[in-house]
Each structure stands twice: as structure tokens, then as C-alpha cells.
Protein chains: 4
Amino acid sequence: MKKMAFQLKGIIPPMVTPLLSNDTLDVAGLERLLERMLAGGVSGVFVLGSTGEAPSLSYRLRREVIAESSRIINGRVPMLVGVADTSFEETVALSRYAAERGATALVVAPPFYFPVSGNDLRRYYQDLIRKLPLPMILYHMPGLTKVRFDAEMIAFAVDTPEIIALKESSGDLDFFWRSCRMARCRKHFPVLMGPEHLLAASIRLGGSGGVNGGANVFPELFVNMYHAAVKNDVATMDVLQKKIDRLNDIYAVPTGGMGVCRGMKYALKCLGVCGDLPAEPFHLLPRNEKKKIEAILDELK
Amino acid sequence: MKKMAFQLKGIIPPMVTPLLSNDTLDVAGLERLLERMLAGGVSGVFVLGSTGEAPSLSYRLRREVIAESSRIINGRVPMLVGVADTSFEETVALSRYAAERGATALVVAPPFYFPVSGNDLRRYYQDLIRKLPLPMILYHMPGLTKVRFDAEMIAFAVDTPEIIALKESSGDLDFFWRSCRMARCRKHFPVLMGPEHLLAASIRLGGSGGVNGGANVFPELFVNMYHAAVKNDVATMDVLQKKIDRLNDIYAVPTGGMGVCRGMKYALKCLGVCGDLPAEPFHLLPRNEKKKIEAILDELK
Amino acid sequence: MKKMAFQLKGIIPPMVTPLLSNDTLDVAGLERLLERMLAGGVSGVFVLGSTGEAPSLSYRLRREVIAESSRIINGRVPMLVGVADTSFEETVALSRYAAERGATALVVAPPFYFPVSGNDLRRYYQDLIRKLPLPMILYHMPGLTKVRFDAEMIAFAVDTPEIIALKESSGDLDFFWRSCRMARCRKHFPVLMGPEHLLAASIRLGGSGGVNGGANVFPELFVNMYHAAVKNDVATMDVLQKKIDRLNDIYAVPTGGMGVCRGMKYALKCLGVCGDLPAEPFHLLPRNEKKKIEAILDELK
Amino acid sequence: MKKMAFQLKGIIPPMVTPLLSNDTLDVAGLERLLERMLAGGVSGVFVLGSTGEAPSLSYRLRREVIAESSRIINGRVPMLVGVADTSFEETVALSRYAAERGATALVVAPPFYFPVSGNDLRRYYQDLIRKLPLPMILYHMPGLTKVRFDAEMIAFAVDTPEIIALKESSGDLDFFWRSCRMARCRKHFPVLMGPEHLLAASIRLGGSGGVNGGANVFPELFVNMYHAAVKNDVATMDVLQKKIDRLNDIYAVPTGGMGVCRGMKYALKCLGVCGDLPAEPFHLLPRNEKKKIEAILDELK
């Protein structure tokens, strides 16, 4: 396992994957997107997460995303790579490729077809860690993996040196807070908040930063919120919270709230960053939903 | 699309995948397993379903399962192949391989990472059907895919000629019954029951047969139940139902009921059919759980 | 405990409670409603159930409903009285009053504030039965009581002579079917279906009849469905099922589907039976929702 | 409506109801319990809440609890009285009695049999407020009432002068935090945390105090935690949190975690405060569960 020479804190956006077609990467869009986030002050980039639609992409395309992102980032910030898969073998293969291309760490949610927990899940991670070439970040995302971690799972992570952080996307502030209390047993074990409307609360409860999708669109908004929350500047937090809550309305636009990255991608298109094509099983938004997103963007600018 | 010269009714077991190691097929075990089911009177075989742990297997291994099963079945009964995947491209690639190797039809659950429903899901299936080389069976499995079908989804299936049947594994008899009533709009649109303890009830409510995991272990038990239910022979049904309910206790043995195929595989090992190794993220059962399964098998024999 | 000289089968409507104001019974409406149901061929009447809004009524009014209904029914069919309450003492007091006024049996759901199950719930029923002056019907209604029965609870009921039937309103056909199989251990232990769209299926799976709210509005529709299902007359069942499903749309009209008796009461008002005032916390339907109900009634007549 | 001359902040325990039999109040135990809490520094007392098993008590007994508690408290701190009921009329009647006996404010959860929300629920509260003789505290308790408030409901409360506070027992810190942000629109609108393990987090997120059942047993523990959290004294908070979490294990002891007041009552019995009899539908704990509680108490003393 490589040594880690970085600290995970601040804002680390889960990057959307710009597409030209269902199996074609938009390399120019990717470059604009990454430069925009880096200019906005982010502390790292997380590619091939849920926001990046990783499970919807072919394996060939996932490899291309890693290679091109690594080339563009070029070591300026840590690059985290999502390698969660239902198949152990495919996770290992993608992890090795990510290491070859210079990734900093691997983000691994539980396998997401069969729900697995308790000893089975811990045994799975132990088996996996033996084959991973990089440090691992544990990814808690029960809404999509159907697996809700318990305190024992957090204790396992805190006790396992190869696991260097927790990305908490359950949306359960109680569990987040408890995880932060448990993380204090280790010298440095950052707990990062996924759902962006909870970023400020998470910092006040002991969190280290945010992996917030909205930082694809407005990176500075989240970087500023992070700093306001660290300083406990309530007045600024109240102002920024209203903006973040409004930005969140964009993801709710697609009927039923499914495929949140569609709203995000359309916002990025409006800002001239990249196209709005989502990967199957999602499709372009209808005209009326696009109008709603344009209105929200107008308010926020 | 190839013409279909078969009728889906009776018992079509979702085959477990015998393994020598996490990425090695047990070909001899596969042969014994298939012969046992065919001798038991099954009407078809469904490979690479949930019971077959398909999402846990590498793509290489999934292809090997298709090739070897096809070789062994050799056209004696229809071979259905599960090709559901989170990635559209990978589903298409596997479907083409299955067609080349002589599969009869493809079983397709919704993509199982991002929940997708309504128009998006129907559009997904339309896009997919254009690229599928074989007829499709719609697979309703909300417990694992997080997507619960509504009546509109069933209407879509009944109205789409390329979709030739519904495999109903929601466990919701009300929805099953409603689907059967809707299916009567088409000349022949079989609705097949997944959860085996509901097989008898499903036949009485208008179903065409069962895709029941327990038929890996005791194929005749399910074939007999199917015939008893068609004849509405209540006395026989009551006797067989007790056996099926008892067999079901085997799958509940793994702590928490997760990884049901583990119990099934251990029962098959006890019967001398194949080994009991499950694919990651699951592991061999502990000794005390094996004892429970042995006791149940003793009762049933 | 009084001897029971009746058989529970066929249709036993859960009667709505006609009101002139939040605490005033509409006695004339009650008379028209009861006569309409009796003329329609119902086998009994169940007063003070969920459909009767019992928990929303003052204790004084509940007593009046019992007294007036008993006077009108006058022994022509069995009168079942709902006495479920969060307070043991209040349940006992109301049960005694019902017995004095000539009720046939008491319908008792679990206490509905604190969820209680297992041994505690059985002990509760044992304590209660010792104080009840009439036979008891067990009422399974997890949607409102938060308590889902298990097989052990059904076994307890079948083994307890003072419990004479099960009213199954969980909407879970699997559990209904299982309950029917378990009920065969006793000479006569009727299992009655609550949700009316499942009446036909329930009869085919071994049920004895229906406690269906829609029978307040169109008693003959349900009596006819009961007889068609007993004869397994599929053609008639398909015709009647469409009508029942359409009638069900009436209850879905109140926004959010809450307070289903509101739609039912408005339908009864349109038919000249009684007024449409629901008890608090519900209120009269808005004009546009009334229009929808009128349209459905026009279709059904 | 009476003028309010008190501020709701700090710890206001939801008092358990000491019983001699299912319908007999333990007046001596009640006196010891109240004096113990007052000596521990509580800011008020809330009688007839969920912890007080109010819905399980007869109306006669509820009145006695009000009268006796009022006599003992004798104006030393505010007395809040829970009057939630499924019946509007019974809620009004009990509220009037509470006012006559000197209650300070009424705590009103939504009616808890039929789920009611949105406009219907607001209309219900408006109708009720017109008949209430005292200020009202809104009680959010979705686990028992099945009704989960939304932001609109909080806005309604903040805009209604007769509603003077929110008791938040959803256990959802995100909603708590949001409610606190909304409450800032009014000069003084306290938001009080129910679940005691969240007391410290709630204060850091803007809450005004706690309505914590554990304060029946160890009032000073909660009063101290409240002050530590106000000062953001993390070291003390970590120490007290461990104690509160351990105390919480007591409530989890009753099998299935149901009837949490049983564990609390047994702890109070061990401390010589009052007897451990719960109201029906709950019963005395078995010997082995009592042992566990004794062990926890030994640790905490």
C-alpha cells in the first residue's frame, strides 16, 4: 500500500461524467469541468462515484475517465476513484488500473446487488483490502446499496489502517455525529458529508469536509460554506444555506427526483461547461423541466 | 428477433452457479446439477439470475456459465439467460454472447444501482430491445433492484411483442393477481412466480408456473406442486406446501437471511451435487448453521 | 361468554357513522344506511370500526351509535361492535355497554398508540378476554395500529375458543392465505377480508367473506362478488372486479388518500342516504374532489 | 388564552406515571418522583406524554394525574399536560380540566389513529385552538402518530401565536436543525429535543432544551449535559454522552424495545422512587431483563 501524503478535508466534489454519447467521453467538457472545480478551491476530486454515474458506464469508459482525469488533474489535488461493483473481481481489476494511472485512494461502497452486512461485509472488505494497491475510503450510501452501516462497521473502519476515511452519504446526521465521535479514537480519520444541504451541520458536529455534488456547479459556494462553518459564522452560514437549498431544487426537478445528475448536468450545460446527456437508464430532461432549472440558476447567479 | 417455438409454463429453476473458487466454475458440478433438474421434469432453466449470483461473478465467468450450460442442456429445454446490469452497454454485450451460444430468451431486471421507473424505465427497455438479439422476459425484483413496478409497467410489457413473459418476484400476491388479469389482454403472456412458497397460490390466481430456487434442490417437489395446483388438488397442495415451507427454512439459515443461495448450495453439497462455495461478498456458512440445514434435509428426505 | 348461534360468512359491511355535527349522530341517516345494507343482502353489520371513524368519536357518541344501530337492526343480522382503544379500561367499559345493548361479538384491534406484539400482545388479549362479556373477533390492521401479526399470533387466535374469527385488513394476500391454512386446524374459524379489491382473490384462497367498506355504498355489488367467487365464475368476477376497482377510486379522491370514509360519505350523500360530514380531524371535501366522485358514481350506476 | 410568564428552555422531563394497579395512581411514588426531578434542577415537568403512558390510562386516571401533579408541583415550575387523543371532543374536555387545575400549557400531538397531514391537520389544529383554554406546544412524534411533519407544518406553528413551542421527537436531526432555522423568524419559539441521546447535538444545532425521559431517573445528568452543550464544553459532553448512551440501554432491554417506560420504571424502582408496574398493554419485565437493568444502573451510579 502506498504512503498517503495528503489530508482529506474541505470540499472534494464527486465529479459528473460528461458524455458525448452513451459510451463516449466528452474530453473537452471534462477538462473545463475539472479546471472550474480546481479554480474554485476544491481540496480533491472524486471520480466515478454515484454522481459520476459510474455503475451506468461500460468498463472501457470507466477506464477512460480515470486516465483522462488523471492527465488533467496532474497531481494538483488528490484524485479519489470509485471502484464499487457487485463483482469482487471487477472491483480489483479497476482498482489496479486506477493505481497505474496515479489515483490517490479508492472509494468503495458495499457490493450493491445483494445486501450484505455484519461479518460478511467486514470479511468482504478484508478480502478486498488484501488485493487493493491503494488506501481505501469507506463509502456509506444505504439509499443505493441497501446496506445501512452500524456502529460496529464504523469501529471496523477506524481500526483498519488501510481505511483512511469515511464518506457518509446516509443523510442521517445522528449516525454522522456518532461516527465523528468514534473517529476521535484514531489520530486522523476524516468523516466527510455527502448530502450537501447537511454540509454546515456536519462541520458543526465534527465533520472534516464535504463530498458534495453541487460543487460541480458552484465550487466556491461549498468552499465558502466549509470555511464559514469551521469559523461558526452563523450569519454567513444562513445566507449560504439558502443558496445551497435552492441549488438542491435543481436535482429535484427530474420527475420523481430520480437521476439527480441530470439536473446537475443541465445546469452545467447552461453554464457552458459540458453537455447534459446522462447515461442510460436516464435521458435528457423534457423542456418544461429545463425551464425550471434555468429559473433557479438565474436566481443563484 | 428470433421466432419463439416454446411455451413458458411449469417449473423453470433459477440455477445456482457451482464454483471451485471465486472466479472458477465447477463444470462437473454444473453438469450434475443440470441433469438432476432435467430428470426432475423442469420445463426450462434460467441461468445467471439472482439465485445464480450473476452480479457477483466476473464477466468472463458469466460467459463461461452460458457456454457450459448451453453445451450441457443441448436444446432439451429452453435456456433463459439473465443479463441485467447497471450498465446498458454491458447488458447488450452479454446478450449478444448469450444469443451466439444458443440461449432461448433474455431475462432483464431494471438496472439496479440508480432506481429508475416510469417513462425513464420504459424508454430504457425500448432502447435496449432495439439492440437485443432475443426475446425478453421482464423481471420484477424490487427487493434487489429497489424498483417496484406499477400497473402501467405491466401494461407496457403486455403491449410490447418483444417482451414474452413476466417473472414476478416481488412477493406481492395482489400485484401478481393484477398482472395475471392484465396479461389476459394478450393471447399468451405467461406470468411466472418467483418466491416458491407462493407457487400454489399463484397458480390458483392465474399464474403459468414458477421460477423457484428450491427446484435446484428438489425439482420434483415443485413440478408436483405445479400439477397439484393446476388440478386444485387441495389435499396434495397442503402436504407439498408444508415441505416447501420447510425447505424455505434452509435459505433463512444464513444469519440475517442474506445470501440465500448459500443455504441452497450447502444443501446441494449434502446431496452430492456440487460444492457450497458462494461468490463474494458471501462466504461459507459456519458449522452451527450447516447443522441446521442438515437437520432440515433429513426431515425432507 | 354468550353462546354463538350464527356463522360469519358473506359480506359484513363496516358501517360509516352518519353525523349531523362532530358530536351529533344523524339517526335518520343511520336508519336509511342500515336498511339499504340489509336490503342488499349483507350477512351482518360491523359498527364502530375504522370505516365508522370510531376512534374519532367521543365515548358518549360511540355509545349512541351502538344503541341506535342495535335498535334498528333488531336482531335481523349479527351486529359486531369495534371496541379497540389505547386504554384497556375504556375497551372493557365499552364492551360491557355493547353487550347490554345486544351486540353479537366484539371486534378488537391491538391498542394503537404504543406498538405491542409477541407475548405482550397475547398477554394483553388474555387479560382482556377475561373481562369481555361477548365473543371476540381479532382485527389485524397494521396500517393503523403499526402492529403486524405473525404466524404465532394467528396460532394463538385459532387456539383460543373466545376468539371466533379473524378480520384481516393487512392487504397482504400471502398472510391471508397462510391464515386460512392455519384456520383449518379449527372446526370453524372464518377469516374475513378487509380491503375490498381483494375480496375475490381472498375467497379463492380460502376466505369466508368480506368486511368491505364499499358495501355501505353498493351492498349488492359485494354480495354478488362473494357468490361469484364461491362459484369461481371467472367471467362475472372480471366484470365485478372492474366495478369494485372503480368504486375504490372514490376513496382515493381525498388528497393524499387520507380519511377514506370522506369519499364514501360523499358518495352516500349523492345517493340520498346520509350527509357527508366526517369527524375531526377530517373535513368536507373541496368542490373539485366532489366532482370526481360524482363522475365515478355516474359511471357505476 | 392565558398570558405566558415563563420561558421554555433547559430540561423538562416527560414524567412517567407511577401505578399501584392498572387503574390506580401511586400518589406517594408520584410525590417522590416529582421532588427528585425538581431537586435535580429541571425547568418544568411534562405530564401525560408518551413516557407517561397517557393513551393507555383511563380518562378518570388521567384527570387524577393532572390534579395530583399540580398539587405537588404547586407552581414551582411550569406544568405541561399532554392532551393528544384520537377524538377531538375528548381532547377539548381534558384540556379544560387541565386548565382548571393550573396547567401552564397543553402539548398536542396529531390524532394518532388515522394519519392526517397537510391542510387537514392544520385545519384540525385551528379548530382545536379555538377551544383550548391554554397555550399549545406542538408535538412531533411520527413513530407513534404515523404523521411526519413537513416544513409547511413548522411554518404554520411559527406563524400561529397560540402555538408557543415545538417538541421534536422525530429523531431526525436534519429536520430538527431546519426547524430551528425556521423558528428564528419569531422572537422566541423554542424547539425542544425529545430523544435524549440527541440532546447535546440538538443544542449545538440551535435547540432550546430537552424533553428527555431519562431525566425521570437521573435529572442532573441531563441538566448538566444541557449546560455543557450550551458552553460547547466538548470534553464534558463526551463524558456525559457515554453515560446517557448507557442509560439508553435500559429502555432497549424490554424485548423488542417496546414499552420503553418499563425499563425506566424498573430503574426508578431500584432507586426507591416508585413501583415498576406499566399500564396495559405492557407487563412487568421478566427476571433476566431486570438483571440487565440492575447491571446498567450499577455502572452509572
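The values are calculated or read from the model by the stated rules, or taken from the named source; none is laboratory data. In this text the structure is predicted, and so the values were computed from the model without any measurement. For neighbour counting, all protein chains shown are included, and Cβ atoms are generated from backbone atoms with ideal geometry for every residue, glycine included. These accessible areas exclude ligands, DNA and RNA; they are computed on the full protein's heavy atoms, side chains included. Shrake-Rupley method; radii C 1.70, N 1.55, O 1.52, S 1.80 Å.
The figures follow:
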read-out: Set B:LYS242/B:LYS301; C:LYS167/D:LYS146; A:LYS291/C:LYS290; C:LYS146/D:LYS291; B:LYS187/C:LYS292; D:LYS243/D:LYS292 screened for pairs whose C-alpha atoms are more than 24 Å apart; value: A:LYS291/C:LYS290; C:LYS146/D:LYS291; B:LYS187/C:LYS292
read-out: Accessible surface ranking that places the most exposed of A:LYS187, A:LYS146, D:LYS243 first, with a 1.4 angstrom probe; value: A:LYS187, D:LYS243, A:LYS146
read-out: For region A:23-84, the Rg and Dmax computed from alpha carbons only, in angstrom; value: 11.1, 31
read-out: Nearest-20 debye value, region A:157-232 charge dipole, Cβ charges on Lys, Arg, Asp, Glu; value: 340 debye
read-out: Charge context of C:LYS265, other residues only, Cβ under 15 angstrom, K/R +1, D/E -1; value: -1
read-out: Normalised contact order of region D:204-301, rounded percent, pairs of Cα under 8 Å and 6 or more residues apart; value: 22 percent
read-out: Label-point separation in nm, C:ASP298 to B:ASP150, each point 7 Å along Cα→Cβ; value: 2.5 nm
read-out: Cβ nearest the rotation axis (A onto D), residue from chain A and distance to the nearest whole Å; value: A:LEU173, 2
read-out: Accessible-area value, A:GLU162, 1.4 Å probe, nucleic acids and ligands omitted, Å²; value: 60 Å²
read-out: Nearest-first distances (nm) between copies at A:GLU100, label 7 Å from Cα via Cβ; value: 2.3, 8.6, 8.8
read-out: Segment A:ALA252-A:ARG130, length gained on full extension (0.36 nm per residue, minus Cα span); value: 39.9 nm
read-out: Value of [θ]222 nm, deg cm²/dmol, for the protein assembly as shown, DSSP H segments ≥ 4, -39500 (n - 2.57) each, nearest 500; value: -14500 deg cm²/dmol
read-out: Between region C:76-112 and region D:234-274, the alpha-carbon center distance in angstrom; value: 37 Å
read-out: Nearest-10 value in Å² for the accessible area of D:PHE282, using the 1.4 Å probe; value: 10 Å²
read-out: Convex hull volume per residue for chain A, taking Cα atoms only, in Å³; value: 118 Å³
read-out: Sequence-distant aspartates and glutamates (8 or more away, or on other chains) whose Cα lies within less than 19 Å of A:LYS231; value: A:GLU196, A:GLU220, D:ASP233
read-out: Largest-first principal axis extents, alpha carbons of region C:212-301, Å; value: 42, 25, 20
read-out: Options C:ALA109, C:ALA84, C:ALA99, ranked by Cα towards positive dipole end of region C:58-130, top entry (Cβ charges); value: C:ALA99
read-out: Cα-based convex hull, region D:44-120, per residue volume (Å³, whole number); value: 94 Å³
read-out: Rg/Rg_globular for region C:190-263, with Rg_globular taken as 2.2 N^0.38 Å and Rg from C-alpha atoms; value: 1.08
read-out: Surface/4 estimate of mean projected area, convex hull on alpha-carbon atoms of region C:114-253, nm²; value: 9.2 nm²
read-out: Position B:ARG184, label points 7 Å along Cα→Cβ, spacing to each other copy in nm (shortest first, one decimal); value: 2.6, 6.2, 6.6
read-out: Charge dipole (debye, nearest 20) of region A:75-215; +1 at Cβ of Lys and Arg, -1 at Cβ of Asp and Glu; value: 420 debye
read-out: Hull volume in cubic angstrom per residue (convex hull over the Cα atoms of the protein assembly as shown); value: 171 Å³
read-out: Debye, to nearest 20: dipole size of the protein assembly as shown, +1 on Lys, Arg Cβ, -1 on Asp, Glu Cβ; value: 0 debye
read-out: Rg/Rh ratio calculated on Cα atoms of region A:1-141 (Kirkwood radius); value: 0.95
read-out: Relative contact order [Cα under 8 Å, 6+ residues apart], chain C, whole percent; value: 20 percent
read-out: Solvent-accessible surface (1.4 angstrom probe) belonging to D:LYS242, in square angstrom, nearest 10; value: 150 Å²
read-out: Shielding by partners - mean other protein chain Cβ count within 10 Å, residues of D:275-284; value: 5
read-out: Inter-copy label distances at C:GLU220 (7 Å, Cα→Cβ; nm, one decimal); value: 5.5, 7.6, 7.8
read-out: Highest average packing first - C:290-297, C:267-274, Cβ atoms within 10 Å; value: C:267-274, C:290-297
